[in-house]
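Here the structure is laid out as structure tokens; the discussion comes afterwards.
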Amino acid sequence: MVSEKLDRVIKAVENGAVVVTVNKRLARYLSVRFEAAMVSSERAAWATPVIMPMLSWARSLLEDSWQEGRAVLITEARSSALWKKIIEEDRVIARHKVLISEGAWQAAASAYGLMKEYCAEDLGDEIYLGAEAMAFKRWSREYDKALKRLGFMDYGELVGVVCKAVASGEVALPGKVVFAGFDEVTPQRAAFIRALQQAGTEVDHWPSEPRLALDEEAILPEDAKERIECKNFRSTTQEVRAAARWIREVSASDKEGRVRVGVIVPELAGYRDIILREFRAELSPASVLPWEDIQDVFNISLGSALVAEPLVRGALDILAIGVWPEDISKMGGILLSPFLRATEEEGLALAALDGEFKRRKFLKIGLRDIRGAAAARDNESLKGVVGRLDRWIKDLEGAHKQALPAFWAERFSGLLTALGWYGGGNSLTSREYQTLESWRSLLAEFAGLGDITGLISRQDAVARLRAMAAEKIFQIETVTDSCGAVSEGCGAVSDGQEMSVEVLGILEASGQDFDHIWLMGAHDGALPGPAAPNPFIPVELQRRLGMPRATPEKMLGFAAVSLKRIFESARNFVVSYPLEIEGKEVGLSPLLKGVGKAEEGLAPSQTGCRSSSLKADTHAAFALEDMPLDEKIPLSNLEAAGLRGGTSVIKDQSECPFRAFAKYRLGARAVTLPEDGLDSAERGTIVHEALEHFWKEVGGSLRLRELKDQGELGASIGAAVGRALKGYYAKRLPKRLIDMEGERVEALVAEWLEIELKRTPFTVVQTERGEKVTIGGLSITARPDRLDELENGAKVVIDYKTGNCTKNGWLPDKLTEPQMLLYGIGSDFDAIAFASLKLPKTKFVGISKDDGMLPGVKSLENENRWREQIEGVRNWDDLMERWREALEQVASDFVAGSSSVAPSSQDACKYCELPILCRIFEAGVFDSDGSEVGQ
Ligand code: SF4
């Protein structure tokens, strides 16, 4: 069936017919098939075939019959600039202060094309009903006037102009034209076909005559149940993953030679990112390694916006920097950009500079600040940077002037080259090289817009370039040949087999044949898809003329015809759909009910088909590897002498040995973005310091009671908080902000002291005093926030907490809060508690030797549920001993060099700053939100 169909078109081309296709992809496919047929028939030479998309052929006809004074076709960039300008300058909209959405120009441009294609303009002015249609009428008139003035012709007019040229005999025509892959004949196309026939050209349609609608029975092949497997999956990710592994299986099992696999997705835009991620992981696993420059072994028909390419985003970010200081995150992005560093050393020096700005809590920095800091560092690696920054600053001197786009394009190009934006120290990957070419052509298009934009500022120029890059679709050319087949030796996915994997939307699949097709996302919301009439053309008119997407009936007809075509293009099919999309349940498309009941698709891990992803391979390899993961590097004396971090070392070691190793021995720290105002750590410190000042002044419960009774407590709290805030007033923060923080802390401390007033008499004997302790060969300073002594001499260790706290972190077998316990290494204590200063309810959270030592804190004996979690502890002395043993163990593990990635719980990872280093989430143990991975 397949070869017969292809044979027909190949024979027509061989006999001199021109083939005009519905899209570029089909033209490429048929050209490759034709060449292959010629090669296999052992011809020595053959005429170059004319197989091209319809508009390209129409344009070539016009160019061949060139006449002086005829308008030239407008480029997409010019056309969009013109539409935007017309809408921006619409006085009616300005007068009525109507908000127009950013994409309005695209809908208007599309309406303009539809009106031409469906010959609706001839229907007169009465079709323009409603405010939107009236606005569109105004804009299209302006657009026509501008085209005339500038000497351009819109693509919508092209076929009409060619028809006239054909009718007047100005064009040389072939004897036969085959229209390939068209499901529908629009009025404009019908007029073109008539003009060709009247001029004596034979017209044929391939693979069949356009069909406007079908009854549902006719869609599926007769043996649908045998040839079509139907599956559903719990999620789109599982569906895509299963398809990726199916492609591997299909390619391995097919021994006939070259295998063509089509993955057809009605809603490709929604699936695109998941397909890219999962197919790359399965079909070209090494592509995750950037230095390998591995290209995809599948072709996806939907490109992404050029602005999403890192190289272009980097260029636009550089150009958007002005003379004024910019947000630290924006400038940080520039300092860390891989496209600016000339050498690896320079990159590291720039990253260090970025870290310094962030640690010093700069919220904004300018190019001059960076230049000053780089020059002051006296770092050989930054010498080149200083010179480039000088050039950049100089370039911005004339930034305020108004100029034509051609001036700015040249200026931008010069600046980027001078900064070493591309190339730098690295050679470009193939993707980057293609991106660079696209960027250059974008810049050239922008430079040619002067007759539309007039003089513009630098800022406006960058904004327009960014918008153009967002509108331009970037489609990388893969290693596959022009019809998508993977070339030999470049990483085909099956053993020794060549194969071609095409991922296509429904329209792009038109006319192509495959060995296997997976129709993905075939659910009732996508087949048929929802109607989406153009907002600028009255819906009734769109319905009457049968415009695309105008009505549900039109969408149903389109889906039916497309499915029929798909089921005629392969031998074997899988149809799949997810059971849920964005939280909404979906079912199989009603058009496919003839394929029978869908089977539940198994998650790829359950099918027995092993993943080829690098991640899976890497982790499978980990499981087999004994060395060198068990090798420990003990703490040297030199390291021990310079160890910083105090009791946090023990806390980190008990929460995760790798974290402690990375932080205290490798010096790993995340650089966080400074916050506007006070960050949570600073706010916690202010509360700690205020209470420290307060108790140093007040000394204990006796004086606290006196202050309360004499009405002086508020003043005393205010004085303590004032002292804690003193340093903050000196910082570059608004006074009002510090005052407000002061009011908050005063209220919090006052509330807390109401709890302290309920206690049995006590004296604060120590605040924030460090005590050296040696444990497990480690010498560190224990510094509890406070040590109180009760009337009976009992000692109570207290730590202030402004965040969440629980005493479960003191369970000896699951020690995650060991800092306060360290105090007990040198001296015993009788109660331990967090002072939980977290609104709405402040309270003590702790455990004590006897009842009544602290309000709300039970004795060990009565704290049954907590005590039952510790085996063999009968009394307080036992507990102290168990704590000492547990601390000893944690400390000696650290000294011995234990560094396994073994977090005590999911919570340990939730707020950790090092997941990038330990890569726990990549290992698939937890999701990045800290929850355990189910599958
Ligand atoms: S993210 Fe988790 S496993 Fe990784 S270092 Fe932090 S605590 Fe350890």
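The values are calculated or read from the model by the stated rules, or taken from the named source; none is laboratory data. Given the structure is predicted, the values throughout are model-derived calculations rather than measurements. Here the Cβ positions follow ideal geometry from the backbone for every residue, glycine too, while neighbour counts run over all protein chains shown. Heads up: the accessible areas ignore ligands, DNA and RNA and are worked out on the full protein's heavy atoms, side chains in. Shrake-Rupley method; radii C 1.70, N 1.55, O 1.52, S 1.80 Å.
Here are a few things to note about the model shown:
- Distance between modelled label sites at Glu209 and Ala167, nm, 7 Å Cα→Cβ extension: 2.5 nm
- Stretched out straight at 0.36 nm per residue, the stretch from Trp324 to Lys401 would grow longer than its current Cα-Cα span by 26.1 nm.
- Two-decimal log10 I(q)/I(0) for the chain, as the Debye equation yields it once each C-alpha is a single scatterer, q = 0.07, 0.08, 0.10 Å⁻¹: -0.84, -1.01, -1.28
- If you plug the beta carbon distance of Glu126 and Thr343 into 1/(1 + (r/R0)^6) with R0 = 56 Å, you get a FRET efficiency near 0.20.
- Rounded to the nearest 20, the Cβ-based charge dipole of the chain about its Cα centre (Lys and Arg +1, Asp and Glu -1) stands at 2520 debye.
- The residue list Ser287, Ile633, Val462 was ranked by how far each Cα lies along the charge dipole of the chain toward its positive end, using unit charges on Cβ atoms, and Val462 comes out on top.
- Remark: spin-label model distance Lys11-Asp813 equals 8.2 nm, labels positioned 7 Å along the Cα→Cβ axis.
- With the cut-off at under 20 Å, measuring from each backbone N in the range 771-804 to a point 7 Å along the Cα-to-Cβ line of Asp850 picks out 787-798.
- Over the chain, accessible surface divided per residue gives 49 Å², non-protein components excluded, 1.4 Å probe.
- Long-range tail of P(r) for the range 306-474 (Cα pairs > 29 Å, %): 20 percent
- Against the chain, whose longest principal axis comes from its Cα atoms, helix 430-447 is set at around 70 degrees.
- Inter-probe distance in nm under a simple model that places probes 7 Å from Cα toward Cβ, at Thr237 and Glu706: 6.4 nm
- Comparing Phe694, Phe844, Gly372 along the charge dipole axis of the chain, the residue lying farthest to the positive side is Gly372, per the Cβ-charge model.
- Electrostatic dipole magnitude of the range 306-474 [Cβ: Lys, Arg +1; Asp, Glu -1; Cα centre; debye, to 20]: 420 debye
- Dipole axis of the chain (+1 Lys, Arg; -1 Asp, Glu on Cβ), positive-most option in Leu822, Thr767, Gly601: Thr767
- From most to least packed by mean Cβ count within 10 Å, the peptides 564-575, 583-594 give 564-575, 583-594.
- Rg over Rh, two decimals, the range 680-888 (C-alpha only, Kirkwood Rh): 0.99
- Surface listing: Tyr29, Tyr155 arranged by accessible area from highest to lowest gives Tyr155, Tyr29, probe 1.4 Å.
- Shape of the range 644-764, Cα gyration tensor, a/c cut at 1.5: oblate
- Placing unit charges on the Cβ atoms only, positive for Lys and Arg and negative for Asp and Glu, gives the range 632-764 a dipole magnitude near 580 debye about its Cα centre.
- Each distinct pair of alpha carbons in the range 867-910 adds a 1/r term; the inverse of their mean, the Kirkwood radius, is 12.5 Å.
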